[in-house]
Amino acid sequence: MGELIAKEKEVVVPGEVIAKGMEYLPSHGTYRKDENIIANRLGILFIDGKVIKTIPVSGRYHPRRKDTIIAKVIDISMNGWRVDTNSAYSAMLSVKDATNEFIRKGEDLTRYFDIGDYLTCQIIQVTSQKLVDVTLKAPGLRKLGKGRIIEVKTHKVPRIIGKQGSMVSMIKNETKTQIVVGQNGMVWISGSQPQDEILAIKAIRLIEEQSHISGLTDRISELLKKDNKKKETKTEVKTEDKK
Amino acid sequence: MAYTKRHDNRKMDETRPIEAKVGVIKRAHGSAYFKIGDTIAYAAVYGPRELHPKFMQNPERGILRVKYNMLPFSGQGDRVRPGPNRRSKEIALVTQHALEPVLNLEDFPNSVVDVLIEFPQTDAGSRCAGICAASMALADAGITMKDLVPSIGIGRVGKQMLVDLDYYEEAYEEESVADIPLAMIPTTEEFTLLQMDGDVTKEQLKEALILGKKACHNIKKVMTTAIKQKFQEGVKKK
């Protein structure tokens with residue numbers, strides 16, 4: 001008979017026996033050894049009917065098809081740009097995937113993107129040897145202008161974005177900044193005032209730290225509103241001084 | 001005089017007190033601290049990341065690179081000369097061989113996982129402490145691996161088999177001493193490290209493996225709870 005040993009929604013460690021018996025099926029982050037299903041990655045356990053899987057709680061980004069990421073141009077070749085994806089593998093952005101403009105052969109590619117530029121791009125394909133191709137030809141993909149780049153833990157990205165982007169749009173509205181979150185854990189923040197950007201970073205860091213504690217949305221909005229109030233009182237004081 | 005009572009009043013099959021912690025180095029992708037008695041090991045894992053020089057890349061699987069280093073003040077009084085030497089290179093290699101069988105490195109072709117192990121203080125059994133710390137750090141770094149690799153030194157002083165020798169016992173002069181560091185994969189009970197300094201009979205070696213097996217299963221429990229601790233601490237903060 002199948003018997004579950006570990007509890008659902010708890011952390012499992014590599015080598016830990018999750019379930020005994022052939023009824024259960026191993027999925028992501030688990031493997032079968034004889035009768036047992038064993039974790040092979042540090043993660044949180046989820047059980048969907050008979051299928052057992054774990055969701056990672058640590059680790060670097062691993063490139064996947066259709067992910068939108070923020071990448072940095074690190075090299076320029078004859079037919080495109082090589083970009084760093086914040087993972088073990090760099091990606092290739094070829095000229096035909098970069099722009100609809102006609103680029104003549106032998107033209108200076110730095111006119112479009114130079115080394116050190118950050119781009120939001122989408123992964124078109126990943127081969128078995130982890131050769132990664134990216135494109136800029138999809139809505140919303142572009143070169144990123146002035147702003148700040150911060151790095152967050154990859155497995156926290158869904159929490160920073162929130163359900164249908166609710167969390168990130170709240171931060172955007174409250175701090176009046178533009179934010180782009182890449183699946184690879186790179187986040188671009190740009191605002192007209194440096195303190196707005198700093199507040200947005202503070203909020204993102206708070207999400208990263210406390211995403212597993214319930215009531216996260218309330219705490220974030222509290223943080224953002226408190227700071228907005230401070231600003232208001234400050235400006236009030238200033239106007240009084242003038243009087 | 002036969003060695004019938006251990007100098008620190010431990011039982012013959014008792015390890016020194018163990019302390020383990022995960023996530024001690026902020027900038028590393030995974031890290032761990034493992035203390036057994038007076039031997040302290042820190043392990044940091046970086047990667048998987050791009051491997052240079054390029055000729056070292058393996059298109060079929062990622063490679064594991066281990067560095068073992070004792071800090072100058074870590075020894076028994078004499079200054080340990082810094083930098084790699086014959087001993088540290090050998091230990092790094094056996095550590096790599098001890099860890100490789102559990103890692104699913106075929107998930108990361110052409111890349112490298114770097115494991116750096118540092119010892120601020122040693123009192124015998126450092127390669128075993130290093131392997132324990134490294135396997136915890138690898139798990140913390142989110143590398144797919146079949147199991148943790150606990151490791152322990154088994155020894156013989158006179159005719160007595162002992163678990164986890166410290167430096168006093170390893171350097172015991174009144175009787176002959178043998179020292180067998182070993183590492184085991186608990187789910188399959190396969191040994192990935194088995195070395196010996198000194199000599200033992202066939203029966204004594206068998207006894208050593210049985211003692212080692214038992215100790216490794218216990219160490220794995222300590223390592224598992226230590227890794228889980230990192231995530232429970234956050235929940236308590238509420």
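The values are calculated or read from the model by the stated rules, or taken from the named source; none is laboratory data. As the structure is a computational prediction, the values presented were derived from the model and not from experiment. All Cβ positions, even for glycine, are placed from backbone atoms using ideal geometry, and neighbour counts span all protein chains on display.
Restricting to the stretch A:3-54, name every residue that is within 22 Å of residue B:218 (Cβ to Cβ) and part of a strand (DSSP E or B).
A:11, A:12, A:17, A:18, A:20, A:33, A:36, A:38, A:39
Please go through the stretch B:185-214 and pick out each residue that is within 14 Å of chain A (Cβ to nearest Cβ), surrounded by fewer than 17 Cβ atoms within 10 Å (Cβ to Cβ) and outside any strand (DSSP E or B).
Of everything in the stretch B:185-214, those that are within 14 Å of chain A (Cβ to nearest Cβ), surrounded by fewer than 17 Cβ atoms within 10 Å (Cβ to Cβ) and outside any strand (DSSP E or B) turn out to be B:188, B:189.
Restricting to the stretch A:11-24, count the residues that are touching a Gly at 6+ places or on another chain (Cβ under 9 Å) and either more than 8 Å from chain B (Cβ to nearest Cβ) or farther than 25 Å from residue A:155 by Cα (or both).
Result for the stretch A:11-24: 7.
Which one of these does residue B:210 not meet: (1) more than 19 Å from residue A:41 (Cα to Cα); (2) touching an Asp or Glu at 6+ places or on another chain (Cβ under 7 Å)?
Every listed condition holds for residue B:210 apart from (2).
Which ones in the stretch A:195-220 are at pLDDT below 90, among the polar types (S, T, N, Q) and within 22 Å of residue A:148 (Cβ to Cβ)?
Residues satisfying the conditions are A:210, A:211.
Do any residues in the stretch A:207-234 that are within 14 Å of chain B (Cβ to nearest Cβ) have Cβ atoms under 6 Å from those of residues that are at pLDDT 85 or above and in a helix (DSSP H, G or I), where the two are at least six apart or on different chains, and which pairs are they?
A:207/A:159; A:207/A:160; A:208/A:156; A:211/A:156; A:211/A:159
Which condition does residue A:70 not pass, out of (1) farther than 30 Å from residue A:203 by Cβ; (2) within 20 Å of the chain's Cα centre (by Cα); (3) away from chain B (no Cβ under 14 Å); (4) surrounded by 15 or more Cβ atoms within 10 Å (Cβ to Cβ), if it passes all the others?
All conditions pass for residue A:70, except number (1).
Among the residues of the stretch A:109-140, how many are in a strand (DSSP E or B) and closer than 29 Å to residue B:60 by Cβ?
Residues in the stretch A:109-140 being in a strand (DSSP E or B) and closer than 29 Å to residue B:60 by Cβ: 10 in total.
Scan the stretch B:41-73 residue by residue and report those that are of a type outside the set (A, V, I, L, M), within 25 Å of the chain's Cα centre (by Cα) and under 16 Å from residue A:129 (Cα atoms).
Within the stretch B:41-73, B:48, B:49, B:61, B:62 meet the criteria.
Only residues that are of a type outside the set (Val, Ile, Thr) and under 16 Å from the mean Cα position of the chain (by Cα): list them for the stretch A:173-202, please.
Within the stretch A:173-202, A:178, A:182, A:183, A:184, A:185, A:186, A:188, A:200 meet the criteria.
Restricting attention to the stretch B:112-129, which residues are among the small types (Gly, Ala, Ser) and within 17 Å of residue B:67 (Cβ to Cβ)?
Across the stretch B:112-129, the qualifying residues are B:126, B:129.
Please name all residue pairs, on different chains or six or more residues apart, with Cβ atoms under 9 Å, provided the first residue is in the stretch B:219-232 and is under 20 Å from residue B:15 (Cβ atoms) and the second residue is surrounded by 18 or more Cβ atoms within 10 Å (Cβ to Cβ) and among the charged types (D, E, K, R).
Listed by first residue and then by second, the contacts come to B:220/B:147; B:224/A:16; B:227/B:140.
Condition first: over 18 Å from residue B:29 (Cβ atoms) and either among the small types (Gly, Ala, Ser) or modelled with pLDDT under 95 (or both). Now tell me which residues in the stretch B:91-108 satisfy that.
B:92, B:98, B:106
For the list (1) at negative phi; (2) in contact (Cβ under 8 Å) with a residue 60 or more places away in the chain, I need the number of the one condition that residue B:23 fails.
(1)
Can you report the number of residues in the stretch A:102-123 which are without any contact (Cβ under 8 Å) to a residue 60 or more places away in the chain, of a type in the set (A, V, I, L, M), crowded, with 18+ Cβ neighbours inside 10 Å and more than 11 Å from residue A:143 (Cα to Cα)?
Within the stretch A:102-123, residues that are without any contact (Cβ under 8 Å) to a residue 60 or more places away in the chain, of a type in the set (A, V, I, L, M), crowded, with 18+ Cβ neighbours inside 10 Å and more than 11 Å from residue A:143 (Cα to Cα) number 1.
Condition first: away from chain B (no Cβ under 11 Å) and touching a strand residue (DSSP E or B) at 6+ places or on another chain (Cβ under 6 Å). Now tell me which residues in the stretch A:33-54 satisfy that.
Within the stretch A:33-54, A:35, A:37, A:45, A:46, A:50, A:51, A:52, A:53 meet the criteria.
Which of the residues spanning the stretch A:110-160 are among the polar types (S, T, N, Q), touching a Lys or Arg at 6+ places or on another chain (Cβ under 7 Å) and more than 11 Å from residue A:180 (Cα to Cα)?
Matches in the stretch A:110-160: A:122, A:125, A:154.
Could you please find all residues in the stretch B:137-154 being within 10 Å of the chain's Cα centre (by Cα), outside any loop (DSSP other than H, G, I, E, B) and touching a residue at least 40 places away in the same chain (Cβ under 8 Å)?
Residues satisfying the conditions are B:151, B:152.
Listed here are the residues, each with its yes/no results for (1) away from chain A (no Cβ under 14 Å); (2) in contact with a Phe, Trp or Tyr (Cβ under 7 Å, 6 or more places away or on another chain).
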position: B:32; (1), (2): no, no
position: B:42; (1), (2): yes, yes
position: B:48; (1), (2): no, yes
position: B:52; (1), (2): no, no
position: B:73; (1), (2): yes, no
position: B:83; (1), (2): yes, no
position: B:105; (1), (2): no, no
position: B:110; (1), (2): no, no
